Each structure stands twice: as structure tokens, then as C-alpha cells.
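The values are calculated or read from the model by the stated rules, or taken from the named source; none is laboratory data. What you see is a predicted model, and the numbers here were worked out from it, not measured in a lab. Neighbour counts run over all protein chains shown; Cβ positions are idealised from the backbone, glycine included. To get the accessible areas, we keep the full protein, side chains included, count just its heavy atoms, and leave off ligands, DNA and RNA. Shrake-Rupley method; radii C 1.70, N 1.55, O 1.52, S 1.80 Å.
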There are 2 protein chains.
Amino acid sequence: MAPMKLTYFDIAALGEQLRLALAQSGVEWIDNRVTFEEWPTLKPTLPYQQMPVLEVDGAVIPQTFAILRYVGKMGDLYPTDPIQAAFADSATDAVNDMHGHMRAIFFEKDADAKTQLLKDLVEKLLPPWLANLEKALKLAGGKYFAGDKLSIGDIAVVARLNWLTDGTFDESVPSAILEEFPLLSSLVQRVMAEPRIVAYMEERPKK
Amino acid sequence: MAPMKLTYFDIAALGEQLRLALAQSGVEWIDNRVTFEEWPTLKPTLPYQQMPVLEVDGAVIPQTFAILRYVGKMGDLYPTDPIQAAFADSATDAVNDMHGHMRAIFFEKDADAKTQLLKDLVEKLLPPWLANLEKALKLAGGKYFAGDKLSIGDIAVVARLNWLTDGTFDESVPSAILEEFPLLSSLVQRVMAEPRIVAYMEERPKK
């Protein structure tokens with residue numbers, strides 16, 4: 001089997017959860033990062049004209065969460081029990097719930113509009129979203145979103161929280177947003193301490 | 001096993017794909033439809049404070065696509081081959097790509113703003129989205145999105161296309177939007193001719 005090849009922009013956004021899952025899965029993979037200048041040429045060649053895509057032995061898998069779930073199945077990061085799998089999937093869906101807002105902010109060109117959208121994100125959207133995630137994590141036993149084992153649900157949430165708090169999304173998002181959410185805070189630490197993820201973080205392109 | 005219970009508003013939106021999947025799956029299920037008046041009382045009691053939710057033997061599964069996939073696994077509507085499953089998942093993700101726009105239109109109170117958003121939907125957003133779906137369907141062999149078997153991917157797409165064309169989303173969306181897309185048109189006919197789906201359509205609450 002040839003290495004899987006992930007193609008996406010050199011940003012976190014939809015891609016970093018896939019890179020973390022690929023790293024954690026232990027499969028061989030190629031981290032193909034495309035510039036914004038290269039994108040218009042590539043776009044019409046892709047299914048749904050979108051990135052990310054994952055190439056697997058000649059097949060091209062489009063759509064972020066389809067890719068994430070595929071990698072999860074290949075890398076023992078997706079529960080075989082359907083109910084536990086549904087809880088992992090629920091966490092990834094919750095991450096996607098926040099993506100539209102963050103994407104709109106990321107691409108907003110008008111400075112005043114961007115400031116207002118960021119203020120709404122931090123003050124109105126993130127607090128209930130984080131509280132709901134904390135509650136779901138508690139209901140699942142407190143350690144992982146799907147039972148007692150790391151899954152794509154945890155990885156999706158952690159990648160999104162990192163993007164929010166590490167300054168690469170926008171420096172105005174306070175890194176302390178997780179302070180009131182002890183289970184989410186521990187989850188981030190637990191996932192980012194996984195040896196394969198530590199190794200990926202050391203090797204990934206530096207910003 | 002007690003019947004599964006699906007709780008959602010009495011609209012298509014995110015719920016109809018779940019109802020069609022439940023009908024097609026052959027499991028026993030309860031179609032619990034909540035009014036907009038009942039919603040504020042129910043909302044704080046639900047995980048992620050959102051509908052739809054599916055109750056299964058005491059567990060509450062939140063998040064639309066997590067529910068859809070769970071029903072798919074229970075009802076032989078989700079491929080066991082991971083690559084085919086990824087194609088089914090890609091189609092559901094593509095449906096979700098359109099949901100944010102349609103949701104914004106559905107809840108827009110200002111008549112002029114709504115008209116403009118609907119014009120953008122019909123003229124700018126739907127044509128490439130439908131063309132991409134048609135292409136994905138062709139690439140998959142032309143009959144179903146994941147190989148030669150009905151899956152949740154097909155059901156998600158068909159439910160969304162029905163919502164767009166049957167007048168319940170907005171009467172200004174032309175029912176002829178599918179005319180240029182023969183594979184999608186046949187898919188809608190094929191899925192809506194499934195005997196269990198025919199039976200559901202006859203029994204469901206009439207608008």
C-alpha cells in the first residue's frame with residue numbers, strides 16, 4: 001500500500017485534525033501542503049472542488065469528516081460499537097457546528113466587521129459551545145468522548161481548541177477560554193501528550 | 001429493544017433524511033415531532049442543546065449526521081468497506097455544506113434580505129453544488145454514491161433535494177433545478193420508489 005496523501009492548505013482549520021489523526025494512526029502518510037497561489041489551478045480537478053482530500057491507493061476521498069472517519073477506521077481511532085461510534089461522530093459534528101462561523105471570520109476582509117465577528121465568537125458563541133462539549137465529555141465518563149478510548153471525536157475537538165487558543169486563528173481569542181472547562185483542558189493535555197502526536201508536533205512545518 | 005425515538009421539529013431540514021433512513025432501515029421507531037412553542041422548554045435538557053436527537057435504549061444520540069450514520073449501521077445502509085463508507089460519508093458532508101446557507105434563509109425575517117439570499121442560492125450556490133454531486137455520482141458508477149447499494153449518502157442527498165424542490169423550503173426555488181442533472185434525477189426517483197419509503201411518505205403527517 002502506497003502512503004496515504006493528504007492535500008490541504010498550510011493552515012490548521014479543517015486539516016489539522018486530519019494530520020493529528022494520521023499521525024496518531026501510525027500509517028505512512030504524506031503531508032502535502034498547498035499555497036493559496038496554487039489553489040485556483042488545483043480546485044477544478046478535485047471532487048466537490050474542495051480541500052482537504054485524501055488519496056488512498058488511487059482513490060480520492062473528499063470531504064473533511066469522511067476523511068477523518070476513514071483514517072479513524074484505519075488507525076483504531078473509531079469505535080466498532082455503533083453507539084460509541086455515534087458519540088465520537090457527535091463530537092466531530094459539534095466541531096463542524098463551529099466551523100462556519102470561524103471560516104467567515106478567517107476570510108473577512110473588512111477590519112471592523114472582523115472585530116465584531118470575533119467579539120461575537122468569544123463572547124456569545126464559544127461559551128455555550130464549550131459548555132456543551134464539557135457536558136458531553138462528562139456524560140461520557142470524563143476522559144474521552146466515546147468511552148475509555150481515544151477516538152476521532154477527541155482529536156477533532158482538540159485540534160479545534162488548539163486552533164482557537166494557539167494564536168494562529170486570531171490573536172484576539174484569549175488563550176484562557178478553556179480555564180472554566182477542566183475536562184476539556186485535561187483532554188487537550190492528554191491528547192497532545194500522545195507520543196506519536198508529540199513527534200508530529202516536533203516535525204510539522206513551523207509557522 | 002424499545003423502538004428508537006427521533007425528536008425534531010415538524011419540518012424537513014435536518015430531520016427528513018433521518019426519517020427516510022429510519023423508514024428504509026426497517027427498525028421500529030417513533031416519529032416525535034416538536035412544535036416551535038415546545039422547543040424552548042426542551043432545548044436545555046438536550047446534549048448540545050440541539051435537535052435532532054435519537055433515543056436508543058436509554059442513550060441519547062445527538063447531532064444529525066451521527067444519528068444518520070448510526071441508523072445506517074443498524075439498517076444496512078452504511079457500507080462495511082471503509083472506502084465505500086467514505087464515499088457515503090462524503091455525500092452526507094456535501095449535504096451539510098449546503099445546510100448553513102439554507103438555514104440562514106429559513107430563519108431570515110427581513111423579506112428583502114430573504115429574497116436576495118434565495119436568489120444567491122438558486123443562481124450561484126446550487127448550480128455548482130448540484131454539478132459536483134452529479135460528478136461524484138457518475139464517478140461512483142452512476143447509481144448510488146457508494147458502489148452498487150443504497151446508503152445514507154443517497155438518502156441524505158435525496159432528502160435535501162426533495163426539500164429544495166417540493167415547495168416546503170421556499171416556493172421560489174424552481175422545481176426544475178434538477179433537469180440538467182440526469183443521474184441525480186434518477187437517484188431521487190429510485191430512492192423514493194423504495195417500498196418502505198413509499199409507505200412512510202403515505203403515512204407521514206401531511207403539510
For this session: Would you calculate a helix-derived [θ] at 222 nm for chain B, using -39,500 (n - 2.57) for each DSSP H run of n ≥ 4 and dividing by the full residue count, to the nearest 500?
Result: -16500 deg cm²/dmol
For this session: List the chymotrypsin sites (Phe, Trp or Tyr not before Pro) within segment A:1-55 that fall in a DSSP loop (any state other than H, G, I, E or B) and whose Cβ has at most 10 other Cβ atoms within 10 Å.
Result: A:F36
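Taking square-rooted eigenvalues a ≥ b ≥ c of the alpha carbon gyration tensor, is the protein assembly as shown rounded, prolate or oblate, where a/c under 1.5 means rounded and, failing that, a/b exceeding b/c means prolate?
On the way: a/c = 1.30, a/b = 1.26, b/c = 1.03.
Because its axes are fairly even, with a/c under 1.5, the protein assembly as shown counts as rounded.
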Exercise. So, with a 1.4 angstrom probe, what is the percent of accessible area on segment A:1-98 that is carbon and sulfur?
Worked result: 53 percent
Exercise. Measuring from a point 7 Å out along Cα→Cβ, what nm distances, shortest first, does B:E203 have to its partners in the other copies?
Worked result: 5.4
Exercise. If you put a point 7 Å past Cα along the Cβ direction, how far is that point for B:K138 from the same point in each other copy, in nm, smallest first?
Worked result: 5.2
Exercise. In Å² (nearest 100), what accessible area is buried between A and B, both sides summed, heavy protein atoms only, 1.4 Å probe?
Worked result: 2700 Å²
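Pull out a ≥ b ≥ c, the square roots of the eigenvalues of the alpha-carbon gyration tensor of segment A:1-142, then state rounded if a/c is under 1.5, prolate if not and a/b is larger than b/c, and oblate in the remaining case. Walk me through the intermediate numbers first.
On the way: a/c = 2.51, a/b = 1.09, b/c = 2.31.
Oblate is the answer for segment A:1-142, as a/c is 1.5 or above yet b/c matches or exceeds a/b.
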Exercise. Distance in nm between label sites at A:V27 and B:Q189, each 7 Å beyond Cα in the beta-carbon direction?
Worked result: 3.8 nm
For this session: Please report the base-10 log of the normalised intensity I(q)/I(0) for segment B:82-193, using a Debye sum with one equal scatterer per alpha carbon and no solvent, at each q in 0.15 (1/Å).
Result: -0.62
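I want to check a number: in segment A:82-193, how many lysine pairs have alpha carbons closer than 19 Å, given a sequence separation of 8 or more or different chains? Don't skip to the end; give the middle numbers.
Details: A:K109/A:K119; A:K114/A:K124; A:K124/A:K135; A:K135/A:K143; A:K135/A:K149; A:K138/A:K149.
Lysine pairs, 8 or more places apart or on different chains, close enough: 6.
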Problem set entry | Chain A residue with Cβ closest to the axis mapping A onto B, distance in whole Å | A:G100, 2
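I need the calculated FRET efficiency for the pair B:T80 and B:S172, taking r as the beta carbon distance and R₀ as 35 Å, to the nearest 0.05.
Working: r = 42 Å, r/R0 = 1.20.
Efficiency, rounded to the nearest 0.05: 0.25.
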Exercise. Label-to-label distances across copies for B:L46, with labels 7 Å out along Cα→Cβ, in nm, shortest first?
Worked result: 3.2
Exercise. Among the trypsin sites (Lys or Arg not before Pro) within segment B:88-195, which fall in a DSSP loop and have no more than 10 other Cβ atoms within 10 Å of their own Cβ?
Worked result: B:K109
Exercise. At what distance in angstrom do the alpha carbon centres of segment B:63-81 and segment A:116-162 lie from each other?
Worked result: 23 Å
Exercise. Other chains' Cβ within 10 Å of B:65-72 residues: what's the mean?
Worked result: 5
Seminar exercise, completed: Over segment B:139-207, with neighbouring protein chains present, the accessible area per residue in Å² at probe 1.4 Å is 50 Å²
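With an 8 Å Cα cut-off and a minimum separation of 6 or more residues, compute the relative contact order for chain B in percent.
Values: 251 pairs, mean separation 45.8, N = 207.
Relative contact order here is 22 percent.
Where the only charges are on Cβ atoms (+1 Lys, Arg; -1 Asp, Glu), what is the dipole of the protein assembly as shown about its Cα centre, to the nearest 20 debye?
Using Cβ point charges on Lys, Arg, Asp and Glu, the protein assembly as shown gives about 340 debye.
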